[in-house]
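Read-outs throughout are calculated quantities, based only on the coordinates presented, and are distinct from any laboratory measurement. None of the values given here were measured: they were computed from a predicted structure. Here Cβ is always computed from backbone atoms with ideal geometry, including for glycine, and neighbour counts include all displayed protein chains.
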Amino acid sequence: MKAEEGKDRNELTMESILEGKKLDAYAEHCTKKMHTCALCGSVGYLKKPMKPVGEKWVCIDCMRELKEVLDTLPQWESEIQIGKEMSKKVDDMLDV
């Protein structure tokens, strides 16, 4: 009985080691598909889409935020221009 127990333990140990090596190989394979967002630092895999921008990767959440900022850029520019004009008028009124 001891011989069978030893054999069973050896087989279980070998199976465990083999499963560990398979898991390591799978994890190493999957890390090639993983990317880190250059803006927020989140790790993207299959559930969080990312796109390369040059040599950097950007996640979809950051892309949405950038799109929102770019969509409101003309409004920002007009606010800045109004601010400059107001400042110039105040300076002209005060003869500065």
message: Could you identify which residue out of LEU12, LEU73, LEU23 has the top mean-square fluctuation in a GNM of the chain using Cα springs shorter than 10 Å?
response: LEU12
task: Treat each spin label as a single point 7 Å out from the Cα along the C-beta direction, and report the VAL53 to LEU23 distance in nm.
output: 3.7 nm
Where labels lie 7 Å past Cα in the beta-carbon direction, separation of GLU79 and ASP61 in nm: 2.4 nm
